[in-house]
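See structure below.
Nothing in this text is a laboratory measurement; each read-out follows from the coordinates by a stated rule. Values in this document were obtained by computation on a predicted structure and should not be read as measured data. FYI the Cβ positions are ideal-geometry reconstructions off the backbone, even for glycines, and counts take in every protein chain you see.
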Amino acid sequence: MADLALAPAPGATAESARQLRHARMLSVGARCALPVAILLGIGFLAPLVAIFGYAFATPRSFDVFTSFTLANFATLFDPSNTVWLSFLWSCGLALLTVAILAVIAYPIAYGLNMVFGRWSALISVLFVFPLFVSENVRLYGWVLFFIKNGVLDGTLKWLGLSGGPEVLYTPGITLFGMVYTYLPFMLFPMTLGLALVPRDLVDAARDLGAGRLFIWREIELPLAMPGILIGMLLTFVLAIGATAEAKILGGQSIIVISHDIEIAFTYSQNWPLGSALAVVVTFFIGALTLFALSKLDLDRMLGRR
Amino acid sequence: MGHRRTNAAIWAWTLFVLVAIYLPILCGALASFNKSRYFGFPIKIYATEWWQKTLDSIEIGMIVKTSITIALLVTVFSVVIATFGALAFARYEWKGRKLYQKLILLPIFFPQPVLGLAMLLGFNAVGIQTSWMTAVFAHMIWIVPVVTLVIAIQVYGFDPSLEEAAYDLGCSRIQVFREVTLPLLWPGIWSGMLFAFLLSWSNFPLSLYTTGADSTIPEWLYAKMVAGYTPMVPALGTMATLGAACLLLAGGLVGILLRRRAAT
């Protein structure tokens, strides 16, 4: 009905028809966004509300939305509880992951933009592909590599050396696993960010006699910052929620926060406590994400190709 | 010149990282050809019997079928929703677009194990029994935003004046969508489909909590890794990887053809 009313009257000029169409675009956009909004409303928002509900339920009970207590949060913030330790481990590992990945990914992102030329597409695909192999399978491959009599140890012994180091089931290998798993999530935003640096600007600076370090610090880095930041945020947030690395490679030598949440839901059957923990993590991640996203112009990042 | 040396260093570093990325996948493939039940390297006797056993297993056959069913349904639903989502993301100016662009990223940034648990809780709260069908829904929550971004990149490269011209020539909105918009977006939609299928195929954390009694390939592999290792683990893992690679290769070729056709 609304469409009929907005249809151009006979004899209207092409210009006014265009204006009418422009006015209609407003609602078309909102209507196109509707299916996604409904899906995420039911599938993303509603479960978070459910978690929120359980977080205030009586401990070790299932009476969601009927009782209200802060006991679960009190348990979490009780210093005699070790939850803060897992939280610290998760944050520390995530920070280290971000720092290491920034150093590993930057030259590759630079190469994809400036050096590899027509090879860029193929190299990008090679970096994307591991996302399509289950994380478990890839991490287990590392177990086969590092395990006693595994690929590394066996090869070194075969060469007559004393064998490989015993690195499995330590915090270090957990960090290694995280760096390995989240590389693409740092690399691609960084590549998009570096694509925003206009080459003429770099050339002009070089012609004017600027040194390479100067160009990097004053031009390349600031202009690529949105992409670098989004990559750092994405890897940090994903690494905070990581469990598979600590379980498969780390052999639970350290307990990460997601594993604590899982334990509360499975072994100890204390859904309200697990929910309270999930709420704390959600707020932490949500605040961080919204803050970083508020600084970004996605049109500019994704629109430039 | 220093410039050339830097470029060589960048090439060398990239190739080194790529080798490291594929090393564990290669280790898995190697382990699957080991005749002995327990892994030891160098492998003494190579055999294909674990591949044979994996292919013959009825249990694994069912798990593969479940994984494919979930991935196919996720692909179809996600791409339809995400195509419209991408148009709203990149093509149309509307109130609330900036906010929408950011909110849609939240599920991608959310840790999947926590998201999976939250959904299990949500299903439980409204009394829905989890099965492979709930897993389809769960996968979509994470995959639709990703696919929306993939398609949105194509939408950004699209010239709105082509649609305008069609309107001026008297086409209806549905005609314009079918004859102009959709064909121009096909390459992006196609990549979106590949992403949706492959991400659902490899997803573990969401499946773990939302498939109920049904099981997918990543779940089965994990269960056997934790307890009861058999060389069928690397064999099935390698098969799943090869399947994904073949699909990506075939899909990539079709994508190149589509892009070429869209360009002419």
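Each stretch of four or more DSSP H residues adds -39500 (n - 2.57); spread over every residue of chain A, this sum gives -21000 deg cm²/dmol at 222 nm.
Each of B:LYS65 and B:ALA9 was given a label point 7 Å from its Cα along the Cα-to-Cβ line. The distance between the two points is 5.7 nm. For the protein assembly as shown, the C-alpha radius of gyration sits at 1.04 times the compact-globule guess of 2.2 N^0.38 Å, with N the residue count.
With contacts taken as Cα pairs under 8 Å at a separation of at least 6 residues, chain A carries a relative contact order of 26 percent. Across peptide B:200-211, the mean count of Cβ atoms from other chains lying within 10 Å of each residue's own Cβ comes to 3. Loop-located trypsin sites (Lys or Arg not before Pro) in region A:21-101 (DSSP state other than H, G, I, E, B) with a sparse environment of at most 14 neighbouring Cβ atoms within 10 Å: A:ARG60.
Only Lys, Arg, Asp and Glu count, each charged at its Cβ (+1, +1, -1, -1), so figure out the dipole size of region B:158-238 about its Cα centre, rounded to 20 debye. Intermediate results must be reported in sequence, preceding the final value.
Values: 3 positive and 7 negative charges, 88 e Å.
So the dipole magnitude of region B:158-238 works out to roughly 420 debye.
Segment B:LYS98..B:ALA47, full-extension length gain: 12.7 nm, with 0.36 nm per residue of separation and the alpha-carbon distance subtracted. So what is the relative contact order for chain B, in percent, with contacts set as C-alpha pairs under 8 Å and at least six apart? Reported relative contact order: 30 percent.
Under the rule of -39500 (n - 2.57) per DSSP H run of 4 or more residues, summed and divided by the residues of chain B, what mean residue ellipticity at 222 nm is obtained, to the nearest 500 deg cm²/dmol?
Working: 13 runs with 205 residues, N = 264.
Dividing the helical sum by the residues of chain B leaves -25500 deg cm²/dmol.
Rounded to the nearest 20 debye, the dipole size of chain A about its Cα centre is 600 debye, using +1 on the Cβ of Lys and Arg and -1 on the Cβ of Asp and Glu.
For B:LYS102, the aspartates and glutamates whose Cα falls under 17 Å of its own Cα, not counting residues fewer than eight places away in the same chain, are A:ASP297, A:ASP299, B:GLU93.
Taking the centroid of alpha carbons for each part, region A:47-119 and region A:161-217 are 24 Å apart. Restricting the trypsin sites (Lys or Arg not before Pro) of region B:1-99 to loop positions (DSSP other than H, G, I, E, B) with no more than 14 neighbouring Cβ atoms within 10 Å leaves B:LYS35, B:ARG37, B:LYS44, B:LYS95.
Find out how many positive minus negative residues lie around B:SER207, taking Lys and Arg as positive, Asp and Glu as negative, among other residues whose Cβ is under 12 Å from that of B:SER207.
On the way: positive: none; negative: A:GLU135, B:ASP214, B:GLU219.
With Lys, Arg at +1 and Asp, Glu at -1, the neighbours total -3.
Considering only B:PRO113, B:SER32, B:PRO218, and ranking their Cα positions along the charge dipole of chain B that arises from unit charges at the beta-carbon of Lys, Arg, Asp and Glu, the one farthest toward the positive end is B:SER32.
Just add up the charged neighbours of A:TYR54: K/R +1, D/E -1, any other residue whose Cβ is under 12 Å from the Cβ of A:TYR54. Around A:TYR54, the charge tally is 0. The length gained on full extension between B:ALA213 and B:ARG261, counted as 0.36 nm times the residue separation minus their Cα-Cα distance, comes to 12.8 nm.
Here is what passes the span test in chain A: the DSSP H helices with alpha carbon length of 18 Å or more along the helix axis and a Kyte-Doolittle mean of 1.0 or above are A:83-110, A:171-195, A:221-240, A:271-293. Think of region A:210-290 as a dipole: +1 on every Lys or Arg Cβ, -1 on every Asp or Glu Cβ, centred on the Cα centre; then among A:LEU223, A:LEU213, A:ILE285, A:LEU213 lies furthest on the positive end.
Its Cα centre serving as origin, region A:170-303 has a Cβ charge dipole (Lys and Arg +1, Asp and Glu -1) of approximately 120 debye.
In this structure, A:ALA102 and A:ASP200 have a Cβ-Cβ separation that, at R0 = 30 Å, corresponds to a calculated FRET efficiency of about 0.70. Counting only other residues whose beta carbon sits under 13 Å from that of B:PRO160, what net charge do I get with K and R as +1, D and E as -1? That works out to -2.
Restricting attention to region A:29-122, which chymotrypsin sites (Phe, Trp or Tyr not before Pro) occupy a DSSP loop and are surrounded by at most 16 other Cβ atoms within 10 Å?
Working: sites: A:PHE44, A:PHE52, A:TYR54, A:PHE56, A:PHE62, A:PHE65, A:PHE68, A:PHE73, A:PHE77, A:TRP84, A:PHE87, A:TRP89, A:TYR110, A:PHE116, A:TRP119; in loops: A:PHE56, A:PHE62, A:PHE65, A:PHE68, A:PHE116.
Qualifying residues, ordered by number: A:PHE62, A:PHE65, A:PHE68.
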